[in-house]
1. I need the calculated FRET efficiency for the pair F15 and E49, taking r as the beta carbon distance and R₀ as 41 Å, to the nearest 0.05.
2. Mind telling me which of T74, T24, T32 comes out most flexible in a GNM of the chain, alpha-carbon contacts under 10 Å?
3. Over what distance in Å are the Cα centres of the range 76-140 and the range 37-55 separated?
4. What does the charge add up to near R36, with Lys and Arg as +1, Asp and Glu as -1, over the other residues with Cβ less than 13 Å from its Cβ?
5. At a Förster radius of 25 Å, what calculated FRET efficiency corresponds to the Cβ-Cβ distance of V25 and M104, to the nearest 0.05?
6. Just to confirm a number: summing +1 for Lys and Arg and -1 for Asp and Glu over residues other than R127 whose beta-carbon lies under 15 angstrom from that of R127, what do you get?
7. Percent relative contact order of the range 21-73, based on C-alpha pairs within less than 8 angstrom and at least six residues apart?
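Computed from the coordinates by the stated procedures, all read-outs in this text should not be read as laboratory data. All of these numbers come straight from a predicted model, not from anything done at the bench. A quick note on method: Cβ atoms are made from the backbone with ideal geometry, for glycine too, and the neighbour counts reach across all protein chains shown.
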Amino acid sequence: MMDEPSDGRKGRAPFGSIRAIDYTVIFVRDMTTMRRFYEDVLAFPLLRELSPNWIEYRIGANTLALARPSRTATDAPTPTGSASLQLAFKVSAPEVDQCADELMRQGVALLSPPTDQSFGHRTLFFRDPDGNLLEVFAEI
């Protein structure tokens, strides 16, 4: 029988100590194109380059890594035209529109322009070069 966490939750007690996502890894198809997008278009600050197959960016308290599958996974790339993931980046309401303007200036197609949603967010959707869905949003 497993121990119950002290706060009354049932389940896997060791995982109850997880409080945040420390880093997210995007397995890339084209490292050069993806790196150019995240560094030049989104202007994410480079944290470190561990190898040509592993690049890290600092985003707030988190790390976003671009990697080629090798060390821990040998998964086949997601088929072209299919998103592997969706990332949402929180900004202020005026910054949603500023991000949209910058994306269009950089030649990035918007899937959805800045839109006020009924659930209290202003959202902007677009894709990275590998087809992953990216969202910039603000609470309104």
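1. Numbers: r = 31 Å, r/R0 = 0.76.
For F15 and E49, the calculated efficiency is 0.85.
2. Answer for the Gaussian network model of the chain: T74.
3. The distance from the Cα centre of the range 76-140 to that of the range 37-55 comes to 19 Å.
4. Working: positive: R35; negative: D30, E39, D40, D128, D130.
Local net charge: -4.
5. Numbers: r = 28 Å, r/R0 = 1.14.
Efficiency computed from Cβ-Cβ geometry: 0.30.
6. Numbers: positive: R29, R36; negative: D30, D128, D130, E135.
With Lys, Arg at +1 and Asp, Glu at -1, the neighbours total -2.
7. Details: 78 pairs, mean separation 22.9, N = 53.
Here the relative contact order equals 43 percent.
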